[in-house]
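Below is one structure, written out as structure tokens, with a few remarks after it.
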Amino acid sequence: MKSATSPSPAVPPGIASAADYEIWARDHMDAGAWSYLDGAGADGITARANQAAFASIRLRSRVLRPLGGAHTRLSLHGHMHAHPIFIAPTAFQALAHPDAEHATAMAAAATGTAMVLSMQSGTAIEALQRTATPPLLWFQLYAQAQRRDTLALAHRALNAGARALVLTVDAPVNGVRNAEVRAGFRMPADIRPVHLDGLAPAHAKPAPLGGQPLFDTGMLDAAPTWDDIAWLREQINAPLWLKGIMDPDDAKRAAGLGLDGLIVSNHGGRCLDTLPATIEALPAIASAVGNSLPILMDGGIRRGTDILKAIALGARAVLIGRPVLHALATAGAPAVAHLIQMLRGELEVAMALTGCRCLDDIGPDVIWP
């Protein structure tokens with residue numbers, strides 16, 4: 001199976017929104033690769049809800065407010081980010097474009113965008129850091145069967161220049177991926193998770209295709225617990241985030257462990273189907289942790305107004321997953337950079353029309369009651 005079709009050399013004319021990139025990418029990608037990169041868990045109810053929930057939230061227009069010196073900057077871990085848009089960790093980007101993570105990293109660097117590199121990327125973090133203009137990288141972790149392997153991955157990423165670690169905790173088993181089964185998808189032999197060379201990660205086992213019980217895979221024996229999180233926090237002297245928090249009680253427990261941030265995420269609807277949309281879960285989680293630690297969120301963001309709503313309801317910034325892959329499949333690095341600039345521009349318009357000069361001005365009052 002081919003991993004990616006021949007990309008267009010430049011951004012096609014007429015693309016005006018993230019949704020346009022999705023249409024273009026679907027028409028030009030291999031069906032099997034599409035089922036993996038864009039597929040959702042089971043019936044896709046949660047994946048669709050992620051977008052639909054944003055559409056159901058109305059904004060409140062405010063006029064005649066002073067907007068001089070407006071900007072989109074925010075500070076996290078002592079670094080001033082130009083805007084609150086991060087690139088979410090997505091595995092095996094070579095399925096979308098031959099330049100894979102190199103193209104995404106190039107776009108991230110060009111737009112001043114932080115990129116969370118997937119542990120299951122086909123490009124090593126060291127290779128991205130050796131580029132002429134490396135992006136600001138965070139690194140995604142999954143807990144490994146052996147604690148020493150988890151710690152080795154963490155130290156490797158930090159030694160290579162990662163500014164933060166993002167431990168993903170919402171996928172102790174793979175979700176039910178019906179789209180991949182129907183498409184007969186198999187990972188091409190030339191695409192592999194290079195960071196896992198020499199390790200035996202439980203998480204990387206493929207989802208069962210023949211109806212075998214998940215409990216027979218042995219994955220649950222190696223699933224992380226709160227004890228593992230506390231242990232890793234003690235070992236790592238660097239920003240450590242948990243990704244995949246959807247419950248206020250879990251958020252409060254994480255805050256008590258001295259973590260540096262939470263990412264509200266339902267894995268893009270790719271794991272447990274019929275979970276609520278992330279924007280629905282966000283307010284209660286933000287209320288539960290208060291100002292004790294920052295919150296990011298992902299899932300369903302397709303417009304600058306979505307970013308504004310997420311910040312209004314408690315997020316400091318957002319992560320973009322599928323739209324980045326859609327743009328990457330369409331035209332590589334230029335398209336990913338174009339996507340980010342479009343979303344940032346839409347956010348700036350939404351801020352101006354709701355009377356918000358900076359991100360700190362965005363609060364619950366911009367939401368129509």
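The values are calculated or read from the model by the stated rules, or taken from the named source; none is laboratory data. These figures come from a predicted structure and were not determined experimentally. Neighbour counts run over all protein chains shown; Cβ positions are idealised from the backbone, glycine included.
Test Leu59 against the criterion of being aliphatic (A, V, I, L, M), at pLDDT 95 or above and touching a Phe, Trp or Tyr at 6+ places or on another chain (Cβ under 7 Å), and give yes or no. For Leu59, the condition - aliphatic (A, V, I, L, M), at pLDDT 95 or above and touching a Phe, Trp or Tyr at 6+ places or on another chain (Cβ under 7 Å) - is met.
In the set Asp43, Asp30, only one residue is touching a Lys or Arg at 6+ places or on another chain (Cβ under 6 Å) and among the charged types (D, E, K, R); that residue is Asp30. Being at pLDDT 95 or above, outside any helix (DSSP H, G or I), more than 22 Å from Ile340 (Cβ to Cβ) and not β-branched (Val, Ile, Thr): is that true of Pro89 here? So Pro89 fails the test.
For Gly122, the conditions (1) modelled with pLDDT of 95 or more; (2) outside any helix (DSSP H, G or I); (3) over 18 Å from Ala333 (Cα atoms) all hold with the exception of (3). When Ala333 is tested against (1) within 25 Å of Ile245 (Cα to Cα); (2) under 18 Å from the mean Cα position of the chain (by Cα); (3) small (Gly, Ala, Ser); (4) surrounded by fewer than 24 Cβ atoms within 10 Å (Cβ to Cβ), only condition (1) is not met.
Number of residues in the stretch 50-88 that are within 17 Å of Trp368 (Cα to Cα), touching a residue at least 12 places away in the same chain (Cβ under 8 Å) and not aromatic (Phe, Trp, Tyr) equals 9. Might you let me know whether the stretch 79-101 holds any residue that is over 17 Å from the mean Cα position of the chain (by Cα), crowded, with 22+ Cβ neighbours inside 10 Å and under 18 Å from Trp241 (Cα atoms)? Within the stretch 79-101, not a single residue is over 17 Å from the mean Cα position of the chain (by Cα), crowded, with 22+ Cβ neighbours inside 10 Å and under 18 Å from Trp241 (Cα atoms).
Checking each residue in the stretch 26-56 for being part of a loop (DSSP other than H, G, I, E, B) and either at pLDDT 95 or above or touching a helix residue (DSSP H, G or I) at 6+ places or on another chain (Cβ under 6 Å) (or both) picks out Met29, Asp38, Gly39, Ala40, Gly41, Ala42, Asp43, Gly44.
In the set Leu272, Leu282, only one residue is modelled with pLDDT of 95 or more and surrounded by fewer than 21 Cβ atoms within 10 Å (Cβ to Cβ); that residue is Leu272. So which residues in the stretch 276-314 are in contact with a Leu (Cβ under 6 Å, 6 or more places away or on another chain), assigned to a loop (DSSP other than H, G, I, E, B) and aliphatic (A, V, I, L, M), if there are any at all? Of everything in the stretch 276-314, just one residue is in contact with a Leu (Cβ under 6 Å, 6 or more places away or on another chain), assigned to a loop (DSSP other than H, G, I, E, B) and aliphatic (A, V, I, L, M), namely Leu313. Within the set Ala107, Ala103, the sole residue that is in contact with a Gly (Cβ under 6 Å, 6 or more places away or on another chain) and either at pLDDT 95 or above or farther than 30 Å from Met187 by Cα (or both) turns out to be Ala103. Of the residues making up the stretch 125-140, just one is part of a loop (DSSP other than H, G, I, E, B), touching a His at 6+ places or on another chain (Cβ under 8 Å) and under 18 Å from Leu328 (Cβ atoms), namely Thr131.
Here Asp306 does not fit the description of being crowded, with 23+ Cβ neighbours inside 10 Å, of a type in the set (D, E, K, R) and under 23 Å from His77 (Cα atoms). Just so you know, in the stretch 285-294 the residues that are surrounded by fewer than 23 Cβ atoms within 10 Å (Cβ to Cβ) and touching a residue at least 24 places away in the same chain (Cβ under 8 Å) include one that is farthest from Gln51 (Cα to Cα), and it is Ser292.
Residue count for the stretch 92-117 under the criterion of being outside any helix (DSSP H, G or I), within 21 Å of Ala317 (Cβ to Cβ) and touching a residue at least 40 places away in the same chain (Cβ under 8 Å): the result is 4.
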